[in-house]
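Reviewing the structure listed below.
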Amino acid sequence: MAKVGILTVSDSCSTGQGIDKSGPELVSLVESSNVGHVTETQCVPDNVQEIRKALLNWCDNLKLDLIITTGGTGFSPRDVTPEATVSILDRQAPGMVHRMLSGSLAVTPMAALSRPAAGTRGNTIIINMPGSHKAVRECFGFLQPVLGHAIDLVQDKKSPVKSLHESMQGIIPGCVSDNVTTIPVHSCPHHHNPTLQEVTSGGVAGRLRQSPYPMISVQDAQNIVLKKCDLLLKQVNGVGMLDIETVSFTDAIGRVLAEDVVAKDPLPPFPASIKDGYAVISSDGAGVRTVRGESSAGYNPDLKPIGTGEIIRINTGAPVPPGADAVVMVENTKLIKASSDGEELEVEILSAPTPGLDIRPIGSDIRVGEVVLQKGSTLGPPELGVLAAVGVTKVKVTRQPVVGVLSTGNEIQDPSEELKPGHIRDSNKTTLKYLVKSKGFPVVDCGIAKDDLTTLTDKVRESLESCDLLVTTGGVSMGDRDLLRQVLVSEFKAEIHFARVNMKPGKPTTFATCVVGDKTKLVLGLPGNPVSATVTCHLYVLAACRALNGHKKPLPGKVRSLLKTDRPIPLDPRPEYQRVWVKFEAGKSVGVATNTGNQISSRTTSVAQANGLLILPPRSDKLKEIPSGSNMEFDVILIGDLTVEN
Ligand code: AMP
Ligand code: MG
């Protein structure tokens, strides 16, 4: 992990007259990227000697990998950070300065008044950034895609990805960092970065022939997604949820509570009978009693205190009259005397009751002031029932993330249109929309984008405006028309967190974040093949939705299951998520998973019949295939209801 120092240069902050916002901002930007870890922070006045002293100490003694300064780059006579920096640099890095200035000039002409320097001293990179809070954020965003790579180059590190890259055909060696989770390949100055002209005028020959992104595990990919969701929630309002809204309990199904729910009155509100029978005085014991009246649930009961020798006929749920301290069920009584019109007059209690028998005391189910539902609970049918029981008809819940779904591909058309030559109908959007909706999250249909930079950019821009999480399908593989990552990085300054996952199907799944206006948006770029899109939606999209919604356990649930197969299943070098039907047979604690047939990732019906994704291990020397009729146990991710056969 690279060691990073953040140096704030400011007369007012160094004397405590001003509050340093930009230094801490840079610390959090560095820490939330994968550039490195901030080991040093300091604040010095606008003084050449002081700045030089701090920089020299960090470069020559502490041997930091990267120093970012903030402040002192302007035109006022006290602004001397670039002069102090240049005086200790071995080599200058005008490309970094150019990148910051050109990016900032696109935002404001005032950027022309910033005079940053950048370069290296020994193995340390030093970069000056302006003093304003907003400017450091922007400048860090402009440089972040190249920082990890720059550090590796200065350190002359030979990373696994670098070696891989060098072995690639037609690619200049030394362009890719092992820190690729934050390095958009198209931002690397050495990379072939296809422009619209190149793509459309034969420049395709220069495209990458292997993904430069490192292959990461599904678990790592899921953790990255969840970590980013968490970070986003903290950024939004610091309380770990997108926003809070008040809804009627009848509209709250599936929502996550943003407050504890407290009972304002007890349940039952009166001592209630548990049985149909007679309210009695327990110390009267067994014997014949006079039936004085009745207490019927919901109606005006006879609530005069009962005296010795009296009993009251009572129903389940009816109030027990004062004086009575037990209920004897009708089965333990005998009719002794009735009136001519059929009214009970005398009844014998056959066995002596104990005090409290078959009575629910006041508040025995729910006490006044009891927390009946905790903040963070998901409201399912029983939880809504609890709300109803305590009379809480309006609840504070978290705002759900809005999910935009966008299909991409020149060949993709709306299912309602007549099929054009060379086209296929868009099935992904329908599957994903309804999958996300079925989990209760609001969805925006963002349409279909063609595979050209302009249309894709426009569609992505429009889509990002309308959602918190954009889910795209297609355009993330290695084809010359797979432009999503390029558009995200070059047009939206997105940070690509991963773009290759060790799984089948779903390898090119891409996860990025970018800032639109003042909001961070998440983008999950799923592969176009319908099965891959569905599988990765379960693994990443739904997990992200739940995390953003405040669910405590956002990852999909797994069960242990035996695999029953009628033919051998060859294993893939990647862990495979096979579509299976899981059922529990009578008396068995382990489920049985039956594979849904041909598992090619374009065969939509293999998912349509499945309720589980069986995780097969990667092929190894020990295990090359699952033998026919095998009874091996595997983990299954549930994507549908379990069948239980009795
Ligand atoms: P891509 O990931 O764009 O290379 O697409 C991979 C495969 O998935 C191609 O055969 C596409 O035609 C197909 N595909 C892409 N998007 C969709 C979609 N929305 N619906 C159905 N099939 C699709
Ligand atoms: Mg495509």
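Of note:
- Each residue in the stretch 572-597 was checked for being touching a residue at least 24 places away in the same chain (Cβ under 8 Å) and under 20 Å from Val607 (Cβ atoms), and 16 pass.
- Some residue of the stretch 534-545 being within 16 Å of ligand 2 (Cβ to nearest atom), buried (at least 21 other Cβ atoms within 10 Å of the Cβ) and modelled with pLDDT of 90 or more: yes
- Strands (runs of 3 or more DSSP E) contained in the stretch 373-463 and holding at least 3 residues within 14 Å of ligand 1 (Cβ to nearest atom): 403-408, 443-449
- Long-range neighbours under 7 Å by Cβ, at least six apart or interchain, first residue over 12 Å from Asp20 (Cα atoms) within the stretch 38-50, second among the aliphatic types (A, V, I, L, M) and open to solvent by 50 Å² or more (accessible area, probe 1.4 Å): Glu40/Leu62
- The set of residues in the stretch 17-51 being open to solvent by 50 Å² or more (accessible area, probe 1.4 Å) and in contact with a Lys or Arg (Cβ under 9 Å, 6 or more places away or on another chain) consists of His37, Thr39, Glu40, Asn47.
- Criterion (farther than 17 Å from Phe140 by Cα, in the same structural domain as Met129 (by TED's automatic domain parsing) and out of contact with any Phe, Trp or Tyr (no Cβ under 8 Å at 6 or more places or on another chain)) met by exactly one of Glu83, Glu31, Glu25: Glu83
- Residue list for the stretch 502-533, filter: part of a helix (DSSP H, G or I) and either in contact with a helix residue (DSSP H, G or I) (Cβ under 6 Å, 6 or more places away or on another chain) or away from ligand 2 (no atom under 16 Å from the Cβ) (or both): Pro530, Val531, Ala533
- Of all residues in the stretch 337-360, those being open to solvent by less than 50 Å² (accessible area, probe 1.4 Å), touching a residue at least 60 places away in the same chain (Cβ under 8 Å) and outside any loop (DSSP other than H, G, I, E, B) number 3.
- Filter result for Leu113 (surrounded by fewer than 21 Cβ atoms within 10 Å (Cβ to Cβ) and not charged (D, E, K, R)): yes
- Qualifying residue in the stretch 288-310 (condition: open to solvent by less than 20 Å² (accessible area, probe 1.4 Å), under 15 Å from Lys275 (Cβ atoms), among the small types (Gly, Ala, Ser) and touching a residue at least 40 places away in the same chain (Cβ under 8 Å)): no
- Qualifying residue in the stretch 362-372 (condition: β-branched (Val, Ile, Thr), open to solvent by less than 30 Å² (accessible area, probe 1.4 Å) and more than 30 Å from Lys553 (Cβ to Cβ)): no
- The stretch 502-528, subset surrounded by fewer than 22 Cβ atoms within 10 Å (Cβ to Cβ) and of a type in the set (S, T, N, Q), residue nearest to ligand 1 (Cβ to nearest atom): Asn502
- Considered as a group, the residues in the stretch 490-501 that are open to solvent by 10 Å² or more (accessible area, probe 1.4 Å) and outside any strand (DSSP E or B) include one that is farthest from ligand 1 (Cβ to nearest atom), and that residue is Lys493.
- Residue match in the stretch 583-600 (condition: modelled with pLDDT under 95, open to solvent by 20 Å² or more (accessible area, probe 1.4 Å) and closer than 23 Å to Val476 by Cα): yes
- Selection of the stretch 415-453 for residues being more than 29 Å from the chain's Cα centre (by Cα) and either among the polar types (S, T, N, Q) or open to solvent by less than 60 Å² (accessible area, probe 1.4 Å) (or both) yields Ser416, His423, Asp452.
- One residue from Ser606, Ser561 being under 30 Å from Val444 (Cβ atoms) and surrounded by 13 or more Cβ atoms within 10 Å (Cβ to Cβ): Ser606
- Matching strands (runs of 3 or more DSSP E) fully within the stretch 1-115 where at least 1 residues are among the basic types (Lys, Arg): 3-9
- Tally of residues being more than 16 Å from ligand 2 (Cβ to nearest atom), open to solvent by less than 10 Å² (accessible area, probe 1.4 Å) and not in a loop (DSSP other than H, G, I, E, B) across the stretch 464-488: 3
- Whichever residue in the stretch 52-80 is over 42 Å from the mean Cα position of the chain (by Cα) and within 18 Å of Ser114 (Cα to Cα) and, among such residues, is most open to solvent (accessible area, probe 1.4 Å): Phe75
- Annotation for the stretch 392-411: no member residue is free of Cβ contacts under 8 Å to residues at least 24 places away in the same chain and away from ligand 2 (no atom under 16 Å from the Cβ).
- The strands (runs of 3 or more DSSP E) falling completely within the stretch 544-597 that include 1 or more residues that are within 30 Å of Leu231 (Cα to Cα) map to 558-564, 576-584.
The values are calculated or read from the model by the stated rules, or taken from the named source; none is laboratory data. Just so it is clear, the structure is predicted and the values come from calculations on it, not from any experiment. No Cβ is skipped: glycine too gets one built from the backbone with ideal geometry, and neighbour counts run over all protein chains shown. Surface accessibility is based on the protein's heavy atoms, side chains included, excluding ligands, DNA and RNA. Shrake-Rupley method; radii C 1.70, N 1.55, O 1.52, S 1.80 Å.
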